[in-house]
Every structure is written in C-alpha cells, then in structure tokens.
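We did not get these values from a lab; they are worked out from the coordinates using the rules stated. From a predicted model like this one, the values you see are computed outputs, not experimental measurements. Backbone-built Cβ (ideal geometry, glycine too); neighbour counts: all protein chains shown.
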Amino acid sequence: MKSTYGHFDDAAREYVVTRPDTPLPWLNYLGQDDLYGLCTNTAGGYTFWRDARLRRLTRYRHNNVPYDLGGRYLYVRDGDAVWNPGWKPTKTPLDRYECRHGLGYTRITGAKDGVEVELLFFVPLGENAEVWRTTVRNRSGARKDLRLFSYLEFCFYEALNDMTNFQRTYSIGEVEVEGSAIYHTTEYRERRDHYTVFACTREVAGFDTSRDAFVGVHNGLHEAAVPFEGAARGSVAHGWNPIGSHQVDLALEPGGEESFAFVLAYVDNDGVDRFEWPAVVNKERGRALVERYTREGAVDEAFDGVRAFWDDLLSTFEVDCPDEHAQRMANVWNPYQCMATFNLSRAASLFESGIGRGMGFRDSNQDVLGFVHLIPDRARQRILDLAGTQLSDGTCFHQYQPLTKQGNDAIGGDFYDDHLWLILSTCAYVKETGDVALLDEPVGYADTPGSAETLLHHLETSIAYTLSRRGEHGLPLIGHADWNDCLNLNCFSTQPDESFQTAGDVEGSRAESVMIAGLFLYACRELAALFRRLGRAGEATRLDGLHADMLSAVEEHAWDGDWYVRAFDAAGEPVGSRVCEEGQIFIESQGWCVLGGAGGGNGRARRALESVDERLATEHGIVLHQPAYTRYRVELGEISSYPPGYKENAGVFCHNNTWITLAWCSLGEGERALDTYLAICPSAQESRIDTYRSEPYVYAQVIAGRDAAIPGEAKNSWLTGTAAWTFVSLSQGILGVKPDYDGLRIDPCIPRSWRSYRVRRRFRGTRYDISVENPDGVCSGVRSLTVDGRAVDGNVVPPAAGPGPVRVDVVLG
Ligand code: BGC
Ligand code: NOJ
C-alpha cells in the first residue's frame, strides 16, 4: 500500500508531498555551509546563521497551535480570494498542491483558479543568503491582476532572549527600508556588526515591517490584515515585532509567466565603516548581495550550483542492490541526513529548539562516521574542534556552542563514555583518507590555555581516563550517564525541577557500565590497529593487553546466563539482569559487547543476540529494554521517568538498533542483519504512515515501543545518531565496503537470496566499481577478488594511483 501523503521520486532524488495536511509537519533543511533554514512542507520554519541560538534571523514558536506556524509565507490575492501556495497560513483550499523536498532545497507549488505559484527555497553555495525563487503562471483563459505579499518575522538574533525577555525586546526593534530591501538592524546601534536584509529582486508596490500593522494585533496569520485588505501599509517598525513584507503587483495575460526572487541574507559588517550616515547602517554589502541575485539568470545558476554540489557528493557512494529501501536510503536520503546531523548535531529541528543543545561531543563524533566519506576535510576540522573541548584529565564538555566552539557548562560533563567516541571518529577519518598527519595536529586541552598536545595524545588520554575510572568489577564507571543519557545511576533525584544529567555527584561513585566496557573493547582494538599501522608495535601490544583485561572482566562479571547485563548500580546491584523486577535485558550491552569482541569464542555473542531477538524485537524495531519500567526508580534516574514504551523507557531507540545489525554482520548472519536494518528504515514505513506519522525519508530518534499507547509512532526525526550508524551498518556491515588503513576491505554480509549487487565508491581520490556475485547463495565470505582483472589475495583492494574507475570483481562463497 502506498502512503496517501506522498511518494519518493527516486530519479529526481526528491520526496513529493502531495497533500499539505501531513500527519506531522514534514521537514527539510536548506543550506550547506553557514546559513541554514528549516523548511516544512507548508513552508514553515526559520533561518539562522551558524548557531541557532546566537544568530537566529527569523522567528519560530515550537509548540505552537497549530504545530507548524511561522515561516516563509507568500500570500496571493486574486480578486477577493487570498491563498498561500503552501496552504498555510490561510489554509484556503487549493486546486493543486505539491511540495518537493530535495537535497538542499524545497519546491512548493500551489494552484488556484488558474493561477499557479511555485516557490523554490534554497541557499546558494558559499552564500549567507536564502533565496525564494518565485514563479507565477497564469494558466487561466483570462488576464490576472494579482497582488502578492511576502511575509516573515524577524528574530532578535539571541533566540532565548528573543523568546523570553519581552520587557526589553519590545523596545529594541529597528528597521530601515531602501527600495525593495528591508533591513533588520536591531541592536546594530550598540554591539552588533551584522544585520539581516530581506529584499525582492523585482520592483515592489509597497512594504510593511510592523507585525501589528501587517497582521493586526488581534488577528492570526491566517487572517492577516494587509493581504485581506489588499494593500500594504508602508509600516515602519519601532520596537514591538519587526517583520519583512513586500507587496508585488503582477498583471499576467493568459499563458503569461513571471519569475523573480526574494532574498533573505545575513550580512557581516566586520571591517567596514559601520555607519554611512549618523545612525544609518552601512548597507554596502547588503546591496551588493541583493544585486548579485537581481542579475538575469543568477538565481538559476545558483540553484544549479546546489544541485551539482549534491550530485557530486552523492557519487561518493552509490549502490544497485535487490532491496528498494536499502538502495534508496543509501543513495540519497541516508547520506543527506548524515550531512544534516554532521552540520547541526542535535541543535535545531522541530524537536530541538536550537537553544538547549549545541554540538554534542558523543553525538558529533558519531556523526563523523556517516559523513567522513563525503567531505573528509570538514570531518577533519570537526574532530579537532571536538578534541579541543576535552580536558587534560580526559573528561569532555558534553556540548559546545557552534559559534564560539567553547564548551557549554550548563549541560554538564562527566558522561564517562564521551571521550571514547573520539577514538572512533579519528580512526574512521584516517581509514578513509590515509591522512595520518591528523594524529600529529596540535590541539589544546580546554582547561589548559596554551597547551598544544597532539590529537594522538588526546586518544591516549581517553583510554587512560576510562582505565582510571573503574569500579569493583573492573568495569568502567558510568558517571552521570553513558550513551544512554537516561541511565542516571548516581543521580537519585527527587526534585522535579533539576536535570537528570547534571544532578547528583559522581565523585567517588560506584555504578559501572557494561556498555562502556564494550565500547572500550572496541576502542582498544581500533587504537591498537592504528598503532600497528603507525609501526608502533609496542603500544599496539599494550592495547591488546588492555583489551584482554577488560574482556575478562566482562566475561567474568557481566554475563547473566543468556545476555550481558547492562550496568551495576550505585549499590552494586545489576541493571538488566534476569534477577531484576523490570528492565531485565537491555539492547546496548548486547550490541557493544559483541562489537567489542566479547562472546566470540564461547558462543555468548550469538546467545546474546538471540536473546535480543526473542525478548526485544518487535515489528517496529528493537525496543531498548524489557520489561519497561512501570514506576519511577530513584536509583535509575530518567530512564524510569518516561511512561512505558516511550523514549529510553523501552521505546525503539533507532540508534542502538544499528549496533545489532552490525553485531549480526560480525556473526555473518545476512538475513538477521537486513531484517534489523529494515525494521526501522523510514522508506519502509510509508505503508503504515498514519501510525508512524514522521517523515518517511529520514530516520527518527524513537519509535514508540510495544508498551506505548500507540506502538510504532515515531518522534524526534532528523537529528539522531541513527543516520550515521545506519549508513555504517548498511555500507560497511551489509554491503561490506569498509575503508581500512591499507585499502578498501570487502566483507559483505547479505541475505542468501541476494545474487548480486554493485557499489560505486570514491576512496582516496579513486573511483572503484565493485561488482559482487553470490552464485552459491551464501551470506558472507569472499571466495575471490580481482582488481582490474588481476587476482588479489585476501579481501582488501589496495589504494590505486589514478582517478580510476578501478574495476573490482568479488565472488562470494
Ligand atoms: C532524553 C535523551 C536526551 C537527553 C539530553 C533526555 O530527556 O530522553 O534522549 O539525550 O535528554 O539531555
Ligand atoms: C540523544 C542524545 O543526543 C545522545 O547523545 C544519546 O546517546 C541518546 N539520546 C540516548 O540517550
């Protein structure tokens, strides 16, 4: 059954929304460098420069009624009818509506009474501007005299202040208007050296900058005064809530068409005279920017640039395989989402307000894993930025502000897994690029001004930090939490207003994490392999020893009979054990212990994964634990604060499902791997979209678990570690194309029914065209490998010299 709200257009790499009243607003992102826009299928959302908290250009109210109100609106007045091509805010019924979410752009087309208006929103490459290309067509048989009114609401840059401090903000608003350009200049008179400009590339018939004037104090946006009255008022905002609106009058003969653009830009005036006249802002740069897009053809060229950018990026990894969902996700939407999570971490979405969270340490390191093949240089810089927020003892700022790159103390620290993820991202980068010079880059510790230790030093500090914080079973201490932010074993919070992630004292704490133990095992192996690659056998052997020690602690203390326990709480009691009343088995420790090499020789790995399958797998994915906690448990923290089936309390937390996919791959179980992959795959949810509700083209963080009121309902789409890890689990685990220090390792783990597939991969400047044949219907095991017709021993394709394409033929068996 097909979704009734839209469909994929694979050839165009677009998702086509065919009716505006989707089960939830369906979001896309505009922008790829510094300026970003959130854009829903009804043109809702906002725009910011670099930092959604500190440089927000337009306003958005998150838990609004309806949900998605406020955005990039165009009102069309045709006779007495007033409508919006994106349906909202007037919700006037349209004769036709279509929204195409593409890569870095959204194109919304609405038509009514023979008038068709197409709005194409995008951010040109390397430009701090958002363009709204507007095309109006008269498809009726009569002349149309139309009035269009653009509308957006400015934000006073610092979004928290903007949303809370009205006694000040209602008195600071300032604008200047010059021709068709509206300049938002609030706070420029004091300490800001930047402003926002909202301009039209065409002559305008009027403007408004006061919300009270345009909308009316007692009106909603659906009944805004100006478009319904039919004429702009030329209002100039002094204080209150400044907006930007242009009136554009068009006369179109039958068959006539006109195209122009609105441009919203962030302009930095650093280094120029701030004022061109006393109290008149120097607008030279803003004018020049608007000029650029006024030139005939400029907008289309800029859009072609965005398309070419994505075409090139996505050609880094392309697959033809028997599964339609895997193919579509791998070729288009999964890397696209990886770009969004890399750029925005967990900062700005319809679920992340842009204020609470910046760049997460553990999140951003994991995001690198799914992004590094796309733009390795940006991943390199990110790794260094992250390392710069580590302290000299190994602990990390849990988050940092993107604008300042400074650790954000309010969110806390002492999550005893954070530092280990830096090892994973760094190794992934070196495997992808071969650039070992990164390891020697000097990067200071955040608490030691002027320090310049190497990145490799940071990785060693990370290992040492875990070693120095172990509990009575020899397992790593958990601190405030590990990957599971809600497993707060040292928190003991009874105060409703305190944060579970910062409350409680971790000094001298006892609670241990088996998940961190598994992650440590994995990180030790990664770092040992890196040292071997660097020719430093001594260090590698030392890490092998650390791995062996931790492994014996895990096997000795953490095996529960059928699975690995999850943790030991502050009283030394197991969490995630059959002796527990609730929360007897958890997913994370099974995934990470197996990935770290536990249970290999003794059958426990397989048993643990079978237990996951028996106890946690559902038709909507694998739930985090079972049974769900039915009451608040002060010794466990936030995990037991959620109602059963939601979020970390036994929801399907998609991120950790991917570790099970990879764990099945490590056992060579192709069917199990693909099944776990598909259970949470968004493209595979289209047929049950009325339950799922979220975007069918990107992953959501959580899908409600079997204990929830509506199992299968997804929430918190877009900014989730699921993006990077599903890309890794599909491309490296299932399809088995693994970047390694000495080349591309080919190690598939596919269902027996797959008889062949093909991957085109760019790797260190060379294109590889990899054909995999599976004549005997096996899951894994490479029988032969030829590179440009020459047989190669083993399963590693050595890096080639030229640009390629290099032909790689793989036969399984
Ligand atoms: C959520 C977690 C999240 C954490 C961040 C919790 O309420 O359940 O998923 O990581 O907040 O602080
Ligand atoms: C979301 C957070 O961003 C991530 O860091 C964490 O691991 C998961 N929630 C699980 O709690």
The Cα radius of gyration of region 233-392, divided by 2.2 N^0.38 Å with N its residue count, comes to 1.46
Which loop GluC sites (Glu not before Pro) in region 581-613, with loop taken from DSSP, have no more than 16 other Cβ atoms within 10 angstrom of their Cβ?
E581
Using the C-alpha atoms of region 588-707, what convex hull volume per residue, in cubic angstrom, is computed?
106 Å³
Please give the peptides 748-759, 731-742, 87-98 ranked by average Cβ packing (other Cβ atoms within 10 Å per residue), highest first, as a rough proxy for protection.
731-742, 748-759, 87-98
Just to confirm the filter: which GluC sites (Glu not before Pro) across region 490-562 are DSSP coil and have at most 10 other Cβ within 10 angstrom of their Cβ?
E507
With 10 Å bins from 0: P(r) over region 724-788, alpha-carbon pairs, percent
20, 56, 23, 1
About the Cα centre of the chain, what is the dipole size in debye to 20, counting +1 per Lys and Arg Cβ and -1 per Asp and Glu Cβ, all else neutral?
1080 debye
Taking the dipole about the Cα centre of region 269-326, with the C-beta of Lys and Arg at +1 and of Asp and Glu at -1, give me whichever of G271, T294, T316 is farthest to the positive side.
G271
Region 481-537, convex hull of Cα, quarter of hull surface, nm² -> 5.3 nm²
What does the extension gain come out to for F166 and R378, with contour length at 0.36 nm per residue minus their alpha carbon separation?
72.5 nm
Relative to the compact-globule estimate 2.2 N^0.38 Å (N residues), the Cα gyration radius of region 1-154 stands at a ratio of 1.04
So what are region 255-318's ellipsoid semi-axes, whole angstrom, largest first, if each one is the square root of 5 times an eigenvalue of the alpha-carbon gyration tensor?
33, 20, 8
In vacuum, with every alpha carbon of region 672-813 counted as one equal point scatterer, what does the Debye formula give for log10 I(q)/I(0) at q = 0.12, 0.15 Å⁻¹? Two decimals, please.
-0.59, -0.81
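Which order do peptides 529-538, 461-470 fall in by mean Cβ count within 10 Å, highest first?
461-470, 529-538
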Using the 10 angstrom Cβ neighbour count as an exposure proxy, how do H62, H547, H238 rank, fewest first?
H238, H62, H547
In Å, descending, principal axis extents of the Cα set of region 404-541
52, 39, 24
Computed over the Cα atoms, what is the radius of gyration of region 1-81 divided by 2.2 N^0.38 Å, N being its residue count?
1.29
The chain: projected area of the alpha-carbon convex hull, averaged over directions, in nm²
35.0 nm²
Tell me the relative contact order for region 1-106 as a rounded percent, counting alpha carbon contacts under 8 Å between residues six or more apart.
27 percent
Local charge sum around A347 (other residues, Cβ-Cβ under 13 Å, Lys/Arg +1, Asp/Glu -1)?
+2
May I ask you to list the residues of region 1-35 whose amide nitrogen lies under 20 Å from a point 7 Å from Cα along the Cα→beta-carbon direction of D690?
1-8, 17-26
Note down the relative contact order for region 486-641 as a percent, whole number, built from C-alpha pairs under 8 angstrom at least six residues apart.
30 percent
Sorted from fewest to most neighbouring beta carbons within 10 Å, what does the list T691, T186 look like?
T691, T186
Using alpha carbons only, how many angstrom separate the centre of region 472-550 from the centre of region 269-293?
52 Å
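Take every Cα pair under 8 Å in the chain that's 6+ residues apart, average their separations, divide by the length, and report that relative contact order as a whole percent.
RCO, the chain: 9 percent.
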What does the highest-first list of 126-134, 286-294 look like by mean Cβ count within 10 Å?
126-134, 286-294
Per-residue ellipticity at 222 nm for the chain, helices alone: DSSP H runs ≥ 4 residues times -39500 (n - 2.57), over residue total, nearest 500 deg cm²/dmol?
-7500 deg cm²/dmol
